[in-house]
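Take a look at the structure set out below.
Nothing in this text is a laboratory measurement; each read-out follows from the coordinates by a stated rule. Remember, predicted model here, so these are calculated numbers, not experimental data. Virtual Cβ from ideal backbone geometry, glycine too; neighbours counted across all protein chains shown.
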Amino acid sequence: MDDASTGSNHTQPANPVQGGKRGAQVVSIDCLRQLKERKRLVLELRAPRERILVLWSRRGPYAVESHCPHRLLPLDDAEISGGELTCRAHGWSFSLETGECTNPPSRGAALRRYPVWVADGLLCLDRM
Ligand code: FES
């Protein structure tokens, strides 16, 4: 089943697989080599449709929604520095660890984060 694809600048991942614990909706994607080389990938998931920015750091992967909560513009090319993601449109920043908006100080805005990990050479992401 073709459940996931990377953004238009990336090649189609092989072997997307769904499964996992009860209540979870885990997608496993064979894109780890690409992610480590490029440091970021945009995943286009279907049913439900989601656009997810996956980042690779020394601590491992992070996955966040790729739409800024400010005006819902894409975060595909967001600046990443010091554990924060900054939207290029108007400069709002978000913690990659918590998703909280750090600049301007939180008004309740936050990025949706997805649990993400590596298992058996695949990138695994829980969509719950
Ligand atoms: S759309 Fe991201 S800061 Fe405005």
**Complete:** A correct fewest-to-most ranking of His70, His90 by other Cβ atoms within 10 Å would be His90, His70
**Prompt:** Of the GluC sites (Glu not before Pro) in segment 27-128, which ones lie in a loop per DSSP and count no more than 15 other C-beta atoms within 10 Å?
**Reply:** Glu97
**Item:** Gain on full stretching of the segment that runs from Asp126 to Arg58 - 0.36 nm per residue minus C-alpha separation
**Value:** 22.4 nm
**Prompt:** According to the square roots a ≥ b ≥ c of the eigenvalues of the Cα gyration tensor, what is the shape class of segment 41-100, taking rounded for a/c under 1.5, prolate for a/b larger than b/c otherwise, and oblate for the remainder?
**Reply:** oblate
**Complete:** Length gained, Thr102-Ala119, 0.36 nm per residue minus C-alpha separation, equals 3.0 nm
**Prompt:** Which FRET efficiency value, to the nearest 0.05, is calculated for Ser81 and Gln25 with the Förster distance at 41 angstrom and r the Cβ-Cβ distance?
**Reply:** 0.85
